[in-house]
């Protein structure tokens with residue numbers, strides 16, 4: 001993840017928002033709103049830790065770039 005943070009951010013946002021948006025579309029198509037309920041729980045369980053981990057990795061990289069060489 002250290003080499004390509006752009007992909008990590010895209011994957012994190014997809015885990016958090018993309019899955020939920022997809023299942024909202026499925027629910028609109030089928031009329032069964034239980035898809036949204038279950039996808040919301042899964043999106044939060046996968047997306048929030050993913051976003052936190054990506055944010056911490058980005059912060060670590062930014063701190064290393066900003067620190068003076070010794």
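In the set 14, 23, 29, 40, which member is over 14 Å from the mean Cα position of the chain (by Cα) and surrounded by 13 or more Cβ atoms within 10 Å (Cβ to Cβ)?
23
Do we find a residue being at positive phi and at pLDDT 90 or above anywhere in the stretch 26-36?
Going through the stretch 26-36, the residues at positive phi turn out to be 31.
From what's left, at pLDDT 90 or above: 31.
Yes, the stretch 26-36 contains a residue that is at positive phi and at pLDDT 90 or above.
The values are calculated or read from the model by the stated rules, or taken from the named source; none is laboratory data. These numbers were taken from a predicted model, which means no experiment stands behind them. Every residue, glycine as well, gets a Cβ built from its backbone with ideal geometry; the counts of neighbours run over all protein chains shown.
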